[in-house]
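S.K.: Pasting in a structure now, in structure tokens, and then I'll have a few things to ask.
The values are calculated or read from the model by the stated rules, or taken from the named source; none is laboratory data. For clarity, every value in this text was computed on a predicted model and none was experimentally measured. Counting neighbours? That spans all protein chains shown, and the Cβs are built from the backbone with ideal geometry, glycine included. Just so you know, the surface numbers come from the protein's heavy atoms only, side chains and all, with ligands and any DNA or RNA stripped out. Shrake-Rupley method; radii C 1.70, N 1.55, O 1.52, S 1.80 Å.
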Amino acid sequence: MATTPMRADLILRILQQRHRRDLWLTEVKDGPSTLAQTSRLDALAIKKSWTQPRFVGYEVKISRSDFLRDDKWVTYLPVTHQFSFACPWDLIQPDELPPEVGLYWVREDGGLKQVRRPTLRPMTTLPTHLLYYLVLSRLSPDHHPFFTHQREQAVAYVSDRPERQELGRIVGSRMSEELSALEHRKRMLENRIDATRYAYDQLCHTLEEAGLPMNEWELKVALASLQVGATTGIDPSTVQRLRTAAQHILDETDRLQALTQEGTQDVPTTPTHR
């Protein structure tokens, strides 16, 4: 079974993590396209320093044939302070490169090994043509930081489809579990609300039998009347029991309303699978 070669954009993403505090650019030319001898770096990281600028260049190779037939990379040395190759694990050997050139190996699981550190070389002047190219052509908000062109991005999109589907399955399963738990909680709250309503109805019936008819949600008014009526012969202990029961129902109603509102806010949105 043939092994799918590692994609260049994945290696570039891993390298970018080493330079997350630097400016990161890909497919950087050292001058205008009209020049016949224009070179193009796969990636360039620029340290954010005014007094000690550092241009770190990378050339990514994902096949031996591409590495062996490339003779342009030597033109990248004059426009960088440090230059390295990055490739799948063990694809390029250190003795195949000059000692001042760095080398990074990348594993399929994303691990990165610095096989050889690149030499820091001084530049008397910064590469004017390269910088001007960046200003004119690359400071664009729609430029993708990992792909050379749209076709390469489309290939990566198709290749990543199984991973996206698996991620969607895991997220969908987790959200389904959470939704099921919320539905169970909702049923429990509804049962408690029904029990509270029943207790409320029983209390209203008791008050009506005591000669204190009341409309719905006028419990406090009825209890106040009951308290006054206690001076005309109603047993004070009965009044206290009714007041305690009424307060419990009122507190439970407020708590259930708050829990119901909180529960509706926690309901997740069902993910869309593509």
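S.K.: Please tell me if P98 is without any contact (Cβ under 8 Å) to a residue 12 or more places away in the chain and not aliphatic (A, V, I, L, M). Don't jump to the end; show me each part of the working.
M.R.: Values: without any contact (Cβ under 8 Å) to a residue 12 or more places away in the chain: yes; not aliphatic (A, V, I, L, M): yes.
Criteria met by P98.
S.K.: Can you tell me how many residues within the range 108-138 are farther than 16 Å from F85 by Cβ and under 31 Å from the mean Cα position of the chain (by Cα)?
M.R.: Count: 8.
S.K.: Turning to a different aspect of this structure: For Y76, all conditions in the list (1) open to solvent by 60 Å² or more (accessible area, probe 1.4 Å); (2) of a type in the set (F, W, Y); (3) in contact (Cβ under 8 Å) with a residue 40 or more places away in the chain hold save one; what is the number of the exception?
M.R.: It fails just one condition, (1).
S.K.: If you don't mind, another one. Can you name the residue in the range 79-137 that is modelled with pLDDT of 90 or more and among the polar types (S, T, N, Q) and, of all such residues, is surrounded by the most Cβ atoms within 10 Å (Cβ to Cβ)?
M.R.: T80
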